[in-house]
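Beneath this line is the structure, given in structure tokens, with notes to follow.
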Amino acid sequence: MKIFGDWLVLPVALASLVSRLVLSLRTSWGLTRYHWVHAKFWLTLVTVLLSVFSLRPGINRLADEAAAGTSRPDLGLLVAPAVATATYLFSTAISVLKPWGPTKRGSRLREAQSAAARAGRSRRSGTEGAGIG
């Protein structure tokens, strides 16, 4: 379990956090434009922190106890992986469903983009119309 926690759980959790951050900053969804993206980021951050500060110390303690020959079952270690799995499944579901709309900042950005697009179309149509006559 210690090898699994050190070599798989922590790197995968950190990779998930980094990939969510990079993807949210490099795509049109943004990190703070939509409520569901913002919620996914915070859920992932909390899950990573729980994995680092709750799961790994418990695994290390049990590994030390097993090495000393005083090991006993600890059901508390089942909670962290179960919560992490549920959180990642919920994050996947809100990625697909996109249940909440844009944030106030996202609404302002969307309005500014649509106003710029309308202005660009009117400029193009005015220029083209002048050349026709």
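The values are calculated or read from the model by the stated rules, or taken from the named source; none is laboratory data. On a predicted model such as this, the values are computed, not experimentally measured, just so you know. We place every Cβ from the backbone using ideal geometry, glycine too, and count neighbours over all the protein chains shown. All accessible areas refer to the heavy atoms of the entire protein, side chains included, with ligands and DNA or RNA removed. Shrake-Rupley method; radii C 1.70, N 1.55, O 1.52, S 1.80 Å.
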Subject >> Single residue of segment 96-109 satisfying the filter (of a type in the set (Lys, Arg) and free of Cβ contacts under 8 Å to residues at least 40 places away in the same chain) that is least open to solvent (accessible area, probe 1.4 Å) >> reply: ARG108
**OP:** Take segment 59-95 and flag every residue that is loosely packed, with under 12 Cβ neighbours inside 10 Å and hydroxyl-bearing (Ser, Thr, Tyr).
**Re:** THR70, THR85, THR92
Original post:
Does SER71 meet the test of being free of Cβ contacts under 8 Å to residues at least 12 places away in the same chain, in contact with a helix residue (DSSP H, G or I) (Cβ under 6 Å, 6 or more places away or on another chain) and not aliphatic (A, V, I, L, M)?
Top reply: yes
Subject >> Answer from LYS98, LYS40 - the residue that is within 21 Å of the chain's Cα centre (by Cα), modelled with pLDDT of 80 or more and at positive phi >> reply: LYS98
Subject >> Enumeration of residues in segment 28-53 that are surrounded by 15 or more Cβ atoms within 10 Å (Cβ to Cβ) and free of Cβ contacts under 8 Å to residues at least 12 places away in the same chain >> reply: TRP29, LEU31
Original post:
Taking segment 60-100 as the region of interest, how many residues are over 22 Å from LEU43 (Cβ atoms) and either of a type in the set (S, T, N, Q) or assigned to a helix (DSSP H, G or I) (or both)?
Top reply: 11
Original post:
With respect to LEU25, is the statement that it is assigned to a helix (DSSP H, G or I) and open to solvent by 30 Å² or more (accessible area, probe 1.4 Å) true?
Top reply: yes
Original post:
Any idea which of (1) surrounded by fewer than 18 Cβ atoms within 10 Å (Cβ to Cβ); (2) closer than 30 Å to ARG110 by Cα is the one LEU8 doesn't satisfy?
Top reply: (2)
